[in-house]
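The values are calculated or read from the model by the stated rules, or taken from the named source; none is laboratory data. Just so it is clear, the model here is predicted, and its values are computed rather than measured. Note that each Cβ is placed from the backbone with ideal geometry, even for glycine, and that neighbours are counted across all protein chains shown. For the accessible areas, the whole protein counts, side chains as well, though only heavy atoms, and no ligand, DNA or RNA atoms are used. Shrake-Rupley method; radii C 1.70, N 1.55, O 1.52, S 1.80 Å.
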Amino acid sequence: MSLLVQKFGGTSVGSIERIEVIADKLAGFRDKGHELVIVVSAMSGETNRLIGLARELQEQPSAREMDVLVSTGEQVTTALLCMALHKRGYAAKSYNGAQVRILTDSAHSKARIKEIDDKAIHADLKAGNIVVVAGFQGVDENGNITTLGRGGSDTTAVALAAALKADECQIYTDVDGVYTTDPRVVDGAKRLDRITFEEMLEMASLGSKVLQIRAVEFAGKYKVPLRVLSSFTEGPGTLITLEENAKMEAPVVSGIAFNRDEAKLTVIGIPDTPGVAAHILGPISEANIEVDVIVQNVADDKTTDLTFTVHRDDMLKAEKILLSLAKELGVREVRTNDKIAKVSVVGVGMRSHAGIAAKMFSALADLSINIQLITTSEIKISVVVEEKFLELAVRGLHSAFGLDEAK
Ligand code: ADP
Ligand code: ASP
Ligand code: MG
């Protein structure tokens, strides 16, 4: 008998029929004697619908009220799932985040979990209940409802698994595991039996939305055994593991990640004096804009150009800041471009292999794809390219690194 925390995403609970299928699945686990804590997302599309309603009223609604609104989707699915379980003769009890007391900080829409009170859940499990918890939400010290960022139900599940010391945290979704790249973009993508936390963290932070980044961070920190599986089909899924697979020769590149969420800003003709980068990027970070890739070039005429990327939603705000600095700094021009995409190759095997960057760049050159920016770390190489070449680049790199499924 195991204690399992299982999370079902939006498509997995997207209709009454789907909820009935999940209830049957849970009944099967319960019959085998497992103790179950279930985390559910809102029905697919619901969170976007709620955000849309708010936007009809106000462009920038109050962050507190936004969290009150968007957290409702998850409350609906907890109750429906419990009803489906009752109908089958199983004891089940729903909780929203505040009722469990998933205590978070007060950063609305991106709150971090500080503490989970597991007393009530333990008592309910002992009494034979399946406990169903609303994902994506918590409550701050002052009783305000908070949410954990898009995709945050994954983090609720991992945090509960850590607090309850569950035997495994299982993330059920609409694909049957973590793939070498998004299987909706590359037909030949392969399911991985296992992937290391480190690689999963890079994949998630570079755009693979199969797991929320914070969920992976949390699982790594608290050593929560984590698995991604399909709620539609049977199978072992993908285990996210702490060990690098010593027995098998680790592939040099494990996966290709990508995202279209960034925009590029270039400041041209800045006098090349010490402190100039800090002068430009300081106000950007003070405005709470996160900067990702940064590149600086020096021209012959003693001026420098600085290029950096930010989230697309922040591009106009960042441009405004740069324009306000331009005069004072004697800058020639500020350019923006939101038609870019970032493509990354990820693999722990890169540590012990040289030449991966060269191979990546020549694969892109063979496809006549121009590289605009490059950044690297020990286990990843990212490039920024024109957005229209994104899918071509991902497919090309997937083949070049031998990741395609054998036909
Ligand atoms: P859920 O609603 O269950 O949380 P998500 O849409 O958040 O599901 O995550 C699952 C989706 O992640 C898949 O449908 C797939 O398109 C996408 N995805 C992106 N990269 C990968 C990858 N490397 N492996 C598997 N799925 C991926
Ligand atoms: N419903 C939330 C979202 O769509 C949280 C989640 O599904 O994990 O982002
Ligand atoms: Mg998700």
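Points worth noting:
- Looking across the range 192-224 at every residue that is among the aliphatic types (A, V, I, L, M) and in a loop (DSSP other than H, G, I, E, B), the one that is nearest to GLU378 (Cα to Cα) is identified as LEU206.
- Among (1) hydrophobic (A, V, I, L, M, F, W, C); (2) within 16 Å of ligand 3 (Cβ to nearest atom); (3) in contact with a Phe, Trp or Tyr (Cβ under 6 Å, 6 or more places away or on another chain); (4) assigned to a loop (DSSP other than H, G, I, E, B), the one test that ALA189 misses: (2)
- Output for the range 253-300, where each listed residue is within 18 Å of the chain's Cα centre (by Cα), surrounded by 13 or more Cβ atoms within 10 Å (Cβ to Cβ) and not in a strand (DSSP E or B): SER254, ARG260, ASP261
- One residue from ALA363, ALA354, ALA341, ALA358 being modelled with pLDDT of 90 or more and open to solvent by 60 Å² or more (accessible area, probe 1.4 Å): ALA358
- Inter-residue pairs, beta-carbon under 6 Å, first at positive phi and in the range 140-156, second basic (Lys, Arg) and away from ligand 1 (no atom under 11 Å from the Cβ), 6+ apart: GLY149/LYS110
- Of all residues in the range 157-169 being buried (at least 23 other Cβ atoms within 10 Å of the Cβ) and touching a residue at least 60 places away in the same chain (Cβ under 8 Å), the one that is nearest to ligand 1 (Cβ to nearest atom): ALA157
- Tally, over the range 153-183, of residues that are over 30 Å from PHE401 (Cβ atoms) and away from ligand 3 (no atom under 12 Å from the Cβ): 10
- Inter-residue pairs, beta-carbon under 8 Å, first of a type in the set (Phe, Trp, Tyr) and in the range 212-230, second assigned to a helix (DSSP H, G or I), 6+ apart: PHE218/THR155; PHE218/VAL158; PHE218/ALA159; PHE218/ALA162; TYR222/VAL158; TYR222/ALA162
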